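The values are calculated or read from the model by the stated rules, or taken from the named source; none is laboratory data. Here the structure is a predicted model, which means the values were calculated and not measured. Quick reminder, even Gly has a Cβ in these numbers, built from the backbone with ideal geometry, and neighbours come from all protein chains shown. SASA here: full protein model, heavy atoms, side chains in, ligands and nucleic acids out. Shrake-Rupley method; radii C 1.70, N 1.55, O 1.52, S 1.80 Å.
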Amino acid sequence: MKTEAVVLRSIRYAEADRILHLYTPHRGRVSAIAKGVRRARSRFGGRLEPFFRLHIELHEGRGELLTVTGAQTIDAYARLRGDARALDAAARACDAVGRLFETSEPHPAVFNLLCRQLGLLNDRAGADGRAGADGREIADVRAGALAFRLKLLLAAGLAPQFGACATCGEHEHLVGFSGAAGGVVCGACEAGSFPLAQEAHSFMVDALGRALTEVPQAGATALAQVERAISATLEHHAHLRLMPAAGRTG
Ligand SMILES: [Zn+2]
């Protein structure tokens, strides 16, 4: 088959091969072996590396593992590779997609979302030291990663309820978040929840309503609450624990 794909992971295998985890628009996540790719004169060159967006040809044998028979670059996101923070963010984005959407179920919107996120990280790569204080940039990287994860939750059908108490339907006094209840909860239903500030609540609603290019801003405390809400939702409804949205340095 021929498909577009993003390389999520590339694992060394045997003497000169690689096993690739690919994310495709219409076949979900697939695994493929690229034979001889680590030889200096491989016809694939350096194209089968993480984060490459490719036109790829895959041969389907009897097993689950496909074989790469051709690959052309659509976008290498080359600037990412010179910026440790952008590279780290790209790896976390790919890891989240690969683990939340690990089956062959098609989610073309997730594929597009991942490509857009990689494009944004690529555009912003190398901006260190030019834009203000370092703390602000770290917060921006984290906010962007959390907005991306919220959109993944939505695509997975796991978007938390934000408009009213997820337990009783109350519209006022929404003071907590509960993964078990599936969203924000009111003061009367807060048992088992953790506090959610208005700023964190607004961030999640805004992030879900806006394009990835327009990430809302929020302070560190609110972003920590947002990350906790996402984690609680994933753990409760998908039994999944992702790595932190952003590394210590961004
Ligand atoms: Zn309630």
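Structure summary
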| item | result |
| --- | --- |
| Compactness of the stretch 1-61, expressed as Rg and Dmax over alpha-carbon positions, Å | 10.9, 32 |
| Unit charges on C-beta of K, R, D, E only; dipole of the stretch 133-212, Debye | 280 debye |
| For the stretch 23-123, radius of gyration divided by Kirkwood radius, i.e. Rg to Rh on alpha-carbons | 0.96 |
| Helix-only mean residue ellipticity at 222 nm for the chain, each DSSP H run of n ≥ 4 adding -39500 (n - 2.57), per residue, nearest 500 | -11500 deg cm²/dmol |
| Glu102 accessible area, assembled protein chains, probe 1.4 Å, Å² | 110 Å² |
| Lys, Arg +1 and Asp, Glu -1 on Cβ, resulting dipole of the chain about Cα centre, debye, nearest 20 | 1260 debye |
| Positive-pole candidate from Leu120, Ala40, Gly183, dipole of the chain, charges at beta carbon | Ala40 |
| Extension reserve of the Arg9-His237 stretch, reckoned as 0.36 nm per residue once the Cα distance is removed | 79.6 nm |
| Whole-Å semi-axes of the ellipsoid equivalent to the stretch 179-222 (Cα gyration tensor, √5λ, descending) | 23, 12, 7 |
| Degrees between helix 198-209 axis and first principal axis of the chain (Cα, 0 to 90, nearest 10) | 40 degrees |
| Solvent-accessible area, 1.4 Å probe, carbon plus sulfur percent, for the chain | 49 percent |
| Rounded to whole Å, sorted largest first: equivalent-ellipsoid semi-axes of the stretch 97-241, Cα gyration tensor | 27, 20, 12 |
| Kirkwood Rh and Cα Rg combined as Rg/Rh, the stretch 173-250 | 0.97 |
| Net charge dipole size for the stretch 36-101 [Lys, Arg +1 and Asp, Glu -1 on Cβ; Debye, nearest 20] | 280 debye |
| 0 to 90° range, to nearest 10: angle between helix 220-238 axis and the chain longest Cα axis | 70 degrees |
| Between 0 and 90°, nearest 10: helix 84-100 axis offset from the chain longest Cα axis | 80 degrees |
| Label point distance in nm, Ser31-Ala84, each placed 7 Å from Cα along Cα→Cβ | 3.2 nm |
| The stretch 125-244 - accessible surface per residue (Å², probe 1.4 Å) | 47 Å² |
| For the chain, Kirkwood radius (reciprocal of mean inverse C-alpha pair distance, Å) | 19.3 Å |
